[in-house]
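The values are calculated or read from the model by the stated rules, or taken from the named source; none is laboratory data. Note that the structure is a prediction, hence the values are computed from the model and not measured. As a convention, Cβ positions derive from the backbone with ideal geometry for all residues, glycine included, and neighbour counts pool all protein chains shown. All accessible areas refer to the heavy atoms of the entire protein, side chains included, with ligands and DNA or RNA removed. Shrake-Rupley method; radii C 1.70, N 1.55, O 1.52, S 1.80 Å.
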Amino acid sequence: MDKHFETEAIRIQTERSQFLEHSTPLYLTSSYVFEDAEDMRASFAEEKERNIYSRYSNPNTSEFIDKICKMEGAEAGFAFATGMSAVFSTFAALLNAGDHIVSSRSIFGTSHGLFTKFLPKWNITTSYFNSNDLDAIEKVIQPNTKILYAESPTNPAVDILDLQRLGDIAKKHNLWLVIDNCFATPYLQNPIQFGADLVIHSATKLIDGQGRVLGGITVGRADLMQEIYLFSRNTGPALSPFNAWVLSKSLETLAVRVDRHCENAEKVALFLETHDKVNVVKYPFLKSHPQYEIAKKQMKKGGNIVAFEVKGGIEAGRNFLNKIKMASLSANLGDTRTIVTHPASTTHSKLSETDRLEVGITDGLVRVSVGLENVEDIINDLKQALD
Ligand SMILES: Cc1ncc(COP(=O)(O)O)c(C=O)c1O
């Protein structure tokens, strides 16, 4: 990065129009005009870099991509309508029938569904490893394995995977390392530093941070991004200019928002550790977290997600949710509003019980996406529900 993170987030901007606007305007246009027939031919032949049609590129999506590339230390990127379209398009663009993926088992439930239910339709198969046993990775790599995939911190159990080790394994076996960096944001962690070839975000979460729009992005190596770009240009999962404009604005405040999210989350985690109705609290920057040292090594701060186990199993977990007064019961995360969810019965309900338990999703597990309300009010709400 040439300037500091916060400065680039604010100062990277699309070129100003003749109106010399201070804030980037919204370019609500589906297509662009050409000077003449030769300009049109040269543009389509990609002899010049310019906007042709908003399914390919748009000034708002380009600004959003430029910012995330800078923040992640990536060469190129493409912005998608949702995080899942980023995940799907990345795999669909890079893999052929007969290829194989090695993935951490602790991934977002819908990504797991993509690997187990949909990619096999094109004869693309996946083997899983337990996120707490990276030694197991090499045992499941096959001659046709192309991608090593993981999230860290994981959703929803907030486990931490050692990104440097994943980078080393990927390099040794000539695999592309793809990391879903959604929980950390580009502010807290940059997987490319540790050897990732591609980084994916659901921008719907902390990047927007205000629960308004859906979005996704993949950034990384230019040669791989060219494949993903060509696939996406032809299949149409592009982010809308309006959502790109919102997300690009959101990035201007990412650092200050995430700093406060982390501060609040750490206080919530420390409170939960003291409550006698709580069994286990998982937060990456708590000394009690099993991968605390790795989290400290690869993350700037611990993020905004706290997972904990309410004593008394499924009934106690559901009872706790019913007693919450201020926090929202919602499927999203990374919002200004604190959100409480019960993964076993919602986001990860499609997993078999064995798969769920293997990734630490017990019946009583509660995931709190700690928001930006005053932390005393957040803690009071959790406390009265637990009491
Ligand atoms: C880690 C992770 N990756 C990807 C996604 C998918 O993102 P989206 O909902 O924007 O499609 C989510 C959504 O919750 C997520 O938590």
Any hit, region 185-193, residues being buried (at least 24 other Cβ atoms within 10 Å of the Cβ), at positive phi and out of contact with any Gly (no Cβ under 6 Å at 6 or more places or on another chain): yes
query: Is it the case that some residue within region 237-244 is among the polar types (S, T, N, Q) and free of Cβ contacts under 8 Å to residues at least 60 places away in the same chain?
result: no
field: Pairs, first open to solvent by 10 Å² or more (accessible area, probe 1.4 Å) in region 338-353, second among the aromatic types (Phe, Trp, Tyr), C-beta under 8 Å, six or more apart
entry: THR347/PHE108
statement: When region 287-327 is checked residue by residue, the ones that are closer than 22 Å to ASN374 by Cα and surrounded by fewer than 16 Cβ atoms within 10 Å (Cβ to Cβ) are ASN322, LYS323, LYS325
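For the structure I just gave you, tell me whether VAL370 is closer than 18 Å to VAL258 by Cα, surrounded by 13 or more Cβ atoms within 10 Å (Cβ to Cβ) and of a type in the set (A, V, I, L, M).
So VAL370 passes the test.
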- prompt: For LYS117, are the conditions met, namely being charged (D, E, K, R), without any contact (Cβ under 8 Å) to a residue 60 or more places away in the chain and away from the ligand (no atom under 11 Å from the Cβ)?
  reply: yes
- prompt: If VAL158 satisfies every condition in (1) away from the ligand (no atom under 14 Å from the Cβ); (2) on the phi > 0 side of the Ramachandran plot but one, which is the exception?
  reply: (1)
- line: Across region 162-177, the tally of residues that are closer than 30 Å to VAL280 by Cα and crowded, with 24+ Cβ neighbours inside 10 Å stands at 2
query: Somewhere in region 230-250, is a residue over 24 Å from SER23 (Cα atoms) and hydrophobic (A, V, I, L, M, F, W, C)?
result: yes
query: Does region 255-264 contain at least one residue that is crowded, with 17+ Cβ neighbours inside 10 Å, at pLDDT 95 or above and within 16 Å of the ligand (Cβ to nearest atom)?
result: yes
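For (1) in the same structural domain as VAL258 (by TED's automatic domain parsing); (2) more than 16 Å from the ligand (Cβ to nearest atom); (3) in a strand (DSSP E or B); (4) basic (Lys, Arg), each residue gets a yes or a no:
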residue: SER111; (1), (2), (3), (4): no, no, no, no
residue: ASP135; (1), (2), (3), (4): no, yes, no, no
residue: ILE147; (1), (2), (3), (4): no, no, yes, no
residue: PRO153; (1), (2), (3), (4): no, no, no, no
residue: GLN164; (1), (2), (3), (4): no, yes, no, no
residue: GLY167; (1), (2), (3), (4): no, yes, no, no
residue: VAL178; (1), (2), (3), (4): no, no, yes, no
residue: PHE183; (1), (2), (3), (4): no, no, no, no
residue: ILE200; (1), (2), (3), (4): no, no, yes, no
